[in-house]
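The values are calculated or read from the model by the stated rules, or taken from the named source; none is laboratory data. Since the model is a prediction, treat every value here as computed from it, not as a measurement. Positions of Cβ are backbone-derived with ideal geometry, glycine not excepted, and every protein chain shown enters the neighbour counts.
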Ligand code: XIL
């Protein structure tokens with residue numbers, strides 16, 4: 001055997017092992033259920049958040065959870081917190097009085113359990129997405145009050161120990177700083193808020209109770225009212241956390257957001273960013289997407305700057321499943337990943353803001 005041939009005989013099996021290993025790795029990644037797993041940088045957001053005691057979470061779309069392996073992969077990999085986007089709303093759970101539909105909510109809670117994620121229950125008492133039998137305003141005060149208490153007890157009871165924090169009431173403050181008009185305030189008066197929290201405390205004493213609000217991120221009349229309500233509930237031992245939805249535009253994080261969050265934290269309450277997204281006018285230019293990334297990074301920095309901000313939830317993580325195109329016609333591209341689950345500048349900037357020492 002010539003030396004050349006001998007070398008080949010020795011090298012061939014080594015080459016084979018190397019190639020086979022590379023092939024196995026490649027096919028492992030290919031089988032993870034979508035192009036995203038390859039494209040995302042190595043450290044998942046949930047791990048980066050941990051370093052600052054921030055649970056990075058997302059709203060979850062039930063249809064995607066059921067049907068899209070790539071979506072499930074990224075969800076489990078990147079997020080340590082989960083909020084069912086619609087599955088726990090009253091119209092989803094009890095479209096007709098007395099007939100309960102748990103499948104979608106159970107699916108979300110089960111998924112979270114399997115992937116070591118905490119759940120935010122969203123939401124027990126809200127003016128929107130109510131079934132017609134409540135929304136039509138035909139129930140009298142005594143009946144409606146009992147219906148509210150029973151609902152809270154039933155839903156919280158089912159997920160006892162599995163939902164860490166509940167949005168007990170959602171969006172109860174009007175933009176002018178008054179109490180929002182709703183079937184709840186119309187029928188029961190302002191006291192429905194404290195009654196809902198008292199029922200929630202009784203129903204699951206170990207759950208953390210939150211009040212969640214839209215458009216109250218900055219200092220102003222709306223957040224002033226929220227502050228008064230939060231202070232009162234906290235004094236009565238009924239409130240643990242205040243949620244700021246944070247549906248933003250390229251105008252950015254309001255300049256007074258940090259100050260605002262800090263005054264709630266000074267009451268001894270945790271604060272959370274609960275529904276973050278940053279909508280962009282269609283079609284979304286590269287320049288706009290770059291600015292969007294800065295807004296997301298600012299939001300991360302705001303939460304990091306407030307000692308009692310331990311949760312940052314985005315309202316969907318892929319442009320394929322986002323409420324923005326429907327709720328804000330002419331806008332889109334509001335999330336961290338594009339429709340193919342590839343990271344946008346927003347994802348990278350979000351991660352970088354968490355990575356910053
Ligand atoms: C939105 C969902 O994302 C949509 O799918 C649904 O059609 C309407 O509600 N504030 C909230 C969320 O508290 O529950 C809303 O979610 C967005 C605004």
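Miscellaneous remarks
- Qualifying residue in the range 80-93 (condition: without any contact (Cβ under 8 Å) to a residue 24 or more places away in the chain and either farther than 21 Å from residue 245 by Cα or assigned by TED's automatic domain parsing to the domain that holds residue 198 (or both)): no
- Those residues of the range 308-332 which are away from the ligand (no atom under 16 Å from the Cβ) and more than 15 Å from the chain's Cα centre (by Cα), in sequence order: 308, 330
- Residue match in the range 222-235 (condition: part of a loop (DSSP other than H, G, I, E, B) and at pLDDT 95 or above): no
- Filter result (within 21 Å of residue 131 (Cβ to Cβ) and either within 16 Å of the ligand (Cβ to nearest atom) or surrounded by fewer than 17 Cβ atoms within 10 Å (Cβ to Cβ) (or both)) within the range 168-192: 168, 169, 170, 171, 172, 180, 181, 182, 184, 186
- Scope the range 86-126; condition within 16 Å of the ligand (Cβ to nearest atom), within 13 Å of the chain's Cα centre (by Cα) and surrounded by fewer than 22 Cβ atoms within 10 Å (Cβ to Cβ); matching residues: 86
- Considered as a group, the residues in the range 52-70 that are within 15 Å of the ligand (Cβ to nearest atom) and farther than 15 Å from residue 113 by Cβ include one that is surrounded by the fewest Cβ atoms within 10 Å (Cβ to Cβ), and that residue is 63.
- Residue in the range 231-242 that is in the same structural domain as residue 173 (by TED's automatic domain parsing), within 16 Å of the ligand (Cβ to nearest atom) and under 18 Å from residue 169 (Cβ atoms) present: yes
- For first residues located in the range 197-218 and assigned by TED's automatic domain parsing to the domain that holds residue 271, partners that are in a helix (DSSP H, G or I) and within 12 Å of the ligand (Cβ to nearest atom) and lie 6+ apart or on another chain with Cβ distances below 9 Å do not occur.
- Only one entry in 295, 306, 314, 291 is over 17 Å from residue 344 (Cβ atoms) and either touching a strand residue (DSSP E or B) at 6+ places or on another chain (Cβ under 9 Å) or in contact (Cβ under 8 Å) with a residue 12 or more places away in the chain (or both), namely 306.
- Taken together, the criteria exclude residue 319 from residues that are in contact (Cβ under 8 Å) with a residue 12 or more places away in the chain, in the same structural domain as residue 249 (by TED's automatic domain parsing) and farther than 24 Å from residue 122 by Cβ.
- Spans of helices (runs of 4 or more DSSP H) in the range 261-357 with at least 2 residues over 24 Å from residue 43 (Cβ atoms): 286-305, 324-327
- Meets criteria (surrounded by 17 or more Cβ atoms within 10 Å (Cβ to Cβ) and away from the ligand (no atom under 12 Å from the Cβ)) for residue 165: yes
- Among the residues of the range 272-307, those that are more than 16 Å from the ligand (Cβ to nearest atom) and under 20 Å from residue 117 (Cα atoms) comprise 300, 303.
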